[in-house]
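**Student:** First the structure, then my questions, so here it is.
No lab work stands behind these numbers, since they all come straight from the coordinates. Remember, predicted model here, so these are calculated numbers, not experimental data. Note that we place each Cβ from the backbone using ideal geometry, even for glycine, and neighbour counts take in every protein chain shown.
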Amino acid sequence: MTIPTQQDISLEIAERAGASRDAGQTTHHPARDYAPYRSSLLRHPKQPLVNVQDPEAVELSGPVFGLADVTALDADLTRQHVGEPLGERITVTGRVLDRDGRPVRGQLVEIWQANASGRYAHQRDQHPAPLDPHFSGVGRGLTDDEGRYRFTTIKPGAYPWRNHTNAWRPAHIHFSLFGSAFTQRLITQMYFPGDPLFAYDPILQSVTDPAARNRLVAAYEHDLSVPEWSLGYRWDIVLDGPAATWIEEGR
Amino acid sequence: MLPTPSQTVGPFYGYALPFPQGGEIAPAGHDASAITVHGRVLDGAGDPVPDALLEIWQPAPDGSREGASGSLRRDQTTGGYLGRDGVTFTGFGRVATDPDGRYSFRTLPPGGVPYLSVCVFARGLLHHLFTRIYLPGFDPESDPLLATLEPERRSTLIAEPAAERVYRFDVHLQGERETVFLEFR
């Protein structure tokens with residue numbers, strides 16, 4: 001199989017965007033069969049999903065986490081080693097909400113990311129950019145009573161990957177989220193405003209609706225920047241999917 | 001409010017999401033009743049998926065769906081992991097596949113329903129997939145989901161007994177034996 005060029009992939013991205021516009025139906029999530037992202041080819045089901053309408057379904061409840069599942073330092077990715085990591089220090093904060101706008105309380109938020117050079121602390125990341133002995137790029141925390149989370153980290157770098165020739169991922173932070181029901185489970189990626197790589201990236205562009213895509217991009221917010229310390233970004237997250245009941249206690 | 005779109009878990013979650021004893025959902029001291037579920041995650045060519053992540057959610061043996069915290073207890077002194085406390089049944093597990101696409105976990109039988117809920121993540125999968133592992137030994141017609149499925153599709157959701165209290169369940173992301181995947185709206 002010949003390796004596609006960026007031009008090939010960009011053409012496919014444009015075709016899928018056009019088809020999505022013509023369909024006139026807003027889809028919030030990426031289609032699982034999105035060929036411009038080549039790894040999806042053999043890894044998406046071809047049969048339609050089966051809709052479960054059972055009000056007693058176990059998935060309408062979900063796992064819980066607590067203070068024992070995090071440490072105080074977990075939310076500060078710049079303080080997990082003896083020294084300070086290299087890069088641009090940032091704070092990322094926002095709220096986790098359900099589709100009715102209710103805060104998701106006391107739930108686990110996990111993040112992971114590349115370092116400032118665009119290298120993951122992962123053995124299989126072969127990008128010849130330097131590892132940073134003072135940065136692992138893993139964090140977690142629990143949302144507060146208003147659904148708020150907050151991380152201190154460094155801005156990740158862009159990095160190359162092998163989807164096609166000269167493929168580069170825009171800088172992003174991976175987020176893993178739990179709601180009050182297992183149906184609301186979400187793993188996604190947060191991007192930084194104004195990144196010139198957006199248009200070239202089939203993973204971001206797999207979200208074909210421009211407004212939905214925008215919801216993956218954090219906002220720079222000057223009031224969140226800490227003088228002489230860090231730049232601030234806000235990113236709110238809305239979880240999809242139904243839940244059995246709204247449980248006030250313990251969530 | 002409009003939802004935040006999903007994005008793939010990618011290939012590099014391995015140092016962030018899996019945790020020690022992620023697949024040890026059964027607390028210690030339940031050896032007689034614990035069950036083991038294992039299998040492989042396979043792609044449309046029948047090749048193993050070495051970078052998939054499976055999450056399990058289930059009721060406790062008494063049918064409770066409250067869950068409990070403590071699945072990934074952290075060591076507040078070193079910042080490492082303490083492991084589960086050996087007593088609490090949290091109902092939640094998380095396991096990554098190995099280079100052969102294999103996974104396994106050990107748990108207690110779910111109370112009130114014949115299934116374990118599963119969420120599948122993988123590189124190449126832009127949006128996670130839900131499925132269920134049904135444990136054999138019940139009437140499929142009595143289950144609201146299975147009753148609606150053709151026998152051939154239905155069988156992709158039912159684990160096969162492999163040994164005493166050991167069950168085999170393969171996840172086929174695509175292909176002839178493609179697993180039934182679920183949505184909740």
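**Student:** Put one equal scatterer on each alpha carbon of the stretch B:13-172, apply the Debye formula with no solvent term, and list log10 I(q)/I(0) at q = 0.12 1/Å to two decimals.
**Tutor:** -0.54
**Student:** Ignoring the sites themselves, what is the longest stretch of chain A with no GluC sites (Glu not before Pro) in a DSSP loop and at most 16 other beta-carbon atoms within 10 Å?
**Tutor:** Values: sites that count: A:Glu56, A:Glu88, A:Glu146, A:Glu221, A:Glu228, A:Glu248, A:Glu249.
Longest gap between qualifying sites, sites excluded: A:147-220.
**Student:** Given the rule -39500 (n - 2.57) for each run of at least 4 DSSP H residues, summed and divided by the residues of chain B, what is its mean residue ellipticity at 222 nm, to the nearest 500 deg cm²/dmol? It would help to have the intermediate numbers written out before the result.
**Tutor:** Numbers: 1 runs with 4 residues, N = 185.
Rounded to the nearest 500, it is -500 deg cm²/dmol.
**Student:** So if we plug the beta-carbon distance of A:Thr165 and A:Gln123 into 1/(1 + (r/R0)^6) with R0 = 22 Å, what FRET efficiency do we get, rounded to 0.05?
**Tutor:** Working: r = 25 Å, r/R0 = 1.12.
Computed FRET efficiency for A:Thr165 and A:Gln123 comes out at 0.35.
**Student:** Which of A:Gln47, A:Gly147, B:Ala16 sits closest to the plus end of the dipole of the protein assembly as shown, meaning its Cα is farthest towards the positive end, when Lys and Arg get +1 and Asp and Glu get -1 on the C-beta?
**Tutor:** B:Ala16
**Student:** Follow-up. Give the calculated FRET efficiency between A:Ala219 and B:Asp62 to the nearest 0.05, with a Förster radius of 51 Å applied to their Cβ-Cβ distance. Numbers along the way, then the final one.
**Tutor:** Working: r = 46 Å, r/R0 = 0.90.
E between A:Ala219 and B:Asp62, to the nearest 0.05, is 0.65.
**Student:** Have a look at B:Gly44, B:Thr88, B:Val120 and report the one farthest towards the positive end of the charge dipole of the stretch B:13-172, computed about the Cα centre with Cβ charges (Lys/Arg +1, Asp/Glu -1).
**Tutor:** B:Thr88
**Student:** Can you pull the semi-axes for the stretch B:1-86, root of five times each eigenvalue of the Cα gyration tensor, sorted largest first, whole Å? Numbers along the way, then the final one.
**Tutor:** Values: eigenvalues 132, 80, 58 Å².
Semi-axes (√(5λ), whole Å): 26, 20, 17.
**Student:** Rounded to the nearest 0.05, what FRET efficiency is calculated for A:Asp54 and B:Glu160 with R0 set to 25 Å and r the Cβ-Cβ distance?
**Tutor:** Result of the calculation: an efficiency of 0.55.
**Student:** How big is the shadow of the Cα convex hull of the stretch A:99-145, averaged over all directions, in nm²?
**Tutor:** Numbers: hull surface 19.6 nm².
Averaged projected area of the stretch A:99-145's Cα convex hull equals 4.9 nm².
**Student:** Based on Cα coordinates alone, diagonalise the gyration tensor for the protein assembly as shown, multiply each eigenvalue by 5, take square roots, and list the semi-axes in whole Å, largest first.
**Tutor:** Calculated on Cα positions only, the semi-axes equal 33, 27, 21 Å.
**Student:** Determine Rg/Rh for the stretch B:66-149; Rg is computed over alpha-carbon atoms and Rh is the Kirkwood hydrodynamic estimate from the same atoms.
**Tutor:** On the way: Rg = 16.3 Å, Rh = 15.8 Å.
With Rg and the Kirkwood Rh in hand, the quotient comes to 1.03.
**Student:** Here's something else I'd like to know. Please state, to two decimals, what the Cα-based radius of gyration of the stretch A:101-216 comes to when divided by 2.2 N^0.38 Å (N = residues). The partial results should precede the final answer.
**Tutor:** Values: Rg = 15.4 Å, N = 116, 2.2 N^0.38 = 13.4 Å.
Taking the Cα Rg and dividing by 2.2 N^0.38 Å, one obtains 1.15.
**Student:** The stretch B:120-171: D in µm²/s via Stokes-Einstein (Kirkwood Rh, Cα pairs, 37 °C, 0.692 mPa s)? Working shown, then result.
**Tutor:** Values: Rh = 12.5 Å.
Answer, rounded: 262 µm²/s.
**Student:** Of B:Tyr103, B:Tyr115, B:Tyr81, which has the largest mean-square fluctuation in a 10 Å C-alpha GNM of chain B?
**Tutor:** Comparing B:Tyr103, B:Tyr115, B:Tyr81 in the GNM, the peak value goes to B:Tyr81.
**Student:** Something else about it: Roughly how big is chain B's charge dipole about its Cα centre, with Cβ charges of +1 (Lys, Arg) and -1 (Asp, Glu), in debye to the nearest 20? Could the numbers behind the result be given before it?
**Tutor:** On the way: 16 positive and 23 negative charges, 94 e Å.
In debye, rounded to 20, chain B gives about 460.
**Student:** For chain A, set up a Gaussian network in which alpha carbons nearer than 10 Å are linked by springs, and say which option among A:Pro193, A:Pro227, A:Pro30 fluctuates the most.
**Tutor:** It is A:Pro227.
**Student:** Counting each DSSP H run of 4 or more residues in chain A as -39500 (n - 2.57), what helix-only mean residue ellipticity at 222 nm follows after dividing by all residues, to the nearest 500 deg cm²/dmol? Show your work: numbers first, answer last.
**Tutor:** Numbers: 3 runs with 27 residues, N = 251.
Result for chain A: -3000 deg cm²/dmol, rounded to the nearest 500.
**Student:** Taking the Cα centre of the protein assembly as shown as origin and charging only Cβ (+1 Lys, Arg; -1 Asp, Glu), how large is the dipole, in debye to the nearest 20? Numbers along the way, then the final one.
**Tutor:** On the way: 41 positive and 54 negative charges, 136 e Å.
Approximately 660 debye in magnitude.
**Student:** Calculate the mean, over all residues of peptide A:35-42, of how many other protein chain Cβ atoms lie within 10 angstrom of the residue's Cβ. Spell out each step's value before the answer.
**Tutor:** On the way: counts 0, 0, 5, 1, 10, 8, 5, 11.
Mean number of neighbouring Cβ atoms from other chains: 5.
**Student:** Here's a follow-up. Once Lys and Arg get +1 and Asp and Glu get -1 on their Cβ, which of A:Ala243, A:Val138, A:His222 lies farthest toward the positive end of the dipole of chain A?
**Tutor:** A:Val138
**Student:** Now a separate question. Take the Cα radius of gyration of the stretch A:1-148 and divide it by 2.2 N^0.38 Å, with N its residue count; two decimals is plenty.
**Tutor:** 1.40
**Student:** Mind checking A:173-185 for the average number of partner chain beta-carbons within 10 Å of each residue's beta-carbon? All intermediate terms of the calculation are to be shown ahead of the outcome.
**Tutor:** On the way: counts 0, 8, 2, 7, 1, 3, 0, 0, 2, 13, 7, 2, 8.
Taking all residues of A:173-185 together, the mean is 4.
**Student:** Still on this model: If you take each beta carbon of peptide A:66-77 and count the beta carbons of other chains within 10 angstrom, what is the mean?
**Tutor:** Values: counts 6, 5, 11, 10, 5, 7, 3, 3, 2, 0, 0, 0.
Mean shielding count: 4.
**Student:** Please list 3J(HN,Hα) in residue order for the stretch B:144-159, calculated via the Karplus relation 6.51 cos²θ - 1.76 cosθ + 1.60 where θ = phi - 60°; whole Hz, with x for glycine and proline.
**Tutor:** Once θ is set to phi - 60°, the couplings for the stretch B:144-159 become x, 7, 4, 4, 8, 9, 4, x, 5, 5, 4, 5, 5, 9, 10, 5 Hz.
**Student:** Tabulate in residue order the Karplus-calculated ³J(HN,Hα) for the stretch B:6-18, using 6.51 cos²θ - 1.76 cosθ + 1.60 with θ = phi - 60°, rounded to whole Hz; enter x for Gly and Pro.
**Tutor:** Residue by residue, the stretch B:6-18 yields 6, 9, 4, 5, x, x, 10, 7, x, 8, 10, 9, x Hz.
**Student:** List, in order, the whole-Hz ³J(HN,Hα) value for each residue of the stretch A:180-185 obtained from phi through the Karplus relation with A = 6.51, B = -1.76, C = 1.60 and θ = phi - 60°; use x for Gly and Pro.
**Tutor:** For the stretch A:180-185, the Karplus-derived couplings read 7, 10, 4, 4, 8, 3 Hz, x marking Gly and Pro.
**Student:** Given q = 0.15, 0.17, 0.18, 0.34 Å⁻¹, what are the Debye log10 I(q)/I(0) values for the stretch A:42-86, with equal point scatterers placed on the Cα positions and solvent ignored?
**Tutor:** -0.73, -0.75, -0.76, -1.15
**Student:** Still on this structure, please answer the following. What Kirkwood hydrodynamic radius, in Å, does chain A give when the mean of 1/r is taken over all pairs of distinct Cα atoms and then inverted?
**Tutor:** 19.7
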